[in-house]
Amino acid sequence: MVVKDKPGSCALAVFEGQTVVVEDVSSDERFSALWKSLGASHRLRSLVSIPAFHRDGITLGTFVVAWQPEAP
C-alpha cells in the first residue's frame, strides 16, 4: 500500500531539509492512519527525524531517534 497524502517525518525532513520533531505520533496530523498504527504497534510515540546531508548539500536520508516519552 502506498500512502501519498501524509508522508511522515522522514520524508518531511528530507523535503524541507530541517529536523522534524514529533512529540506524539498518534495525534500528529502529519501522519496517516497507517503510520500511526505502525507506531502504536511498536510502542513508538515520539521521534526526531534529522536530515543527513552530503558535503555538496544533497540530502542523503535521515537519522531517526524514536522513544517512549515516559522512558528515562
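Listing for the model above:
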{"quantity": "Output for the range 25-71, where each listed residue is charged (D, E, K, R), closer than 15 Å to K6 by Cβ and in contact with a Lys or Arg (Cβ under 9 Å, 6 or more places away or on another chain)", "calculated": "D28, E29, R30"}
{"quantity": "Residue selected from the range 27-54 under the condition under 12 Å from the mean Cα position of the chain (by Cα) and of a type in the set (S, T, N, Q), by the criterion nearest to L12 (Cα to Cα)", "calculated": "S49"}
{"quantity": "Given (1) open to solvent by 60 Å² or more (accessible area, probe 1.4 Å); (2) in contact with a Gly (Cβ under 9 Å, 6 or more places away or on another chain); (3) at pLDDT below 90, number of the condition L34 does not satisfy", "calculated": "(2)"}
{"quantity": "Every pair of residues 6+ apart whose Cβ atoms lie under 8 Å, when the first sits in the range 44-60 and is under 16 Å from Q18 (Cβ atoms) and open to solvent by 70 Å² or more (accessible area, probe 1.4 Å) while the second is aromatic (F, W, Y) and assigned to a strand (DSSP E or B)", "calculated": "L60/F53"}
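The values are calculated or read from the model by the stated rules, or taken from the named source; none is laboratory data. Owing to the predicted nature of the structure, the values given are computational and were not obtained by experimental measurement. Glycine also receives a Cβ, built like all others from the backbone with ideal geometry; neighbour counts cover every protein chain displayed. When the accessible area is computed, the model is the full protein with side chains, heavy atoms only, and any ligands, DNA or RNA have been set aside. Shrake-Rupley method; radii C 1.70, N 1.55, O 1.52, S 1.80 Å.
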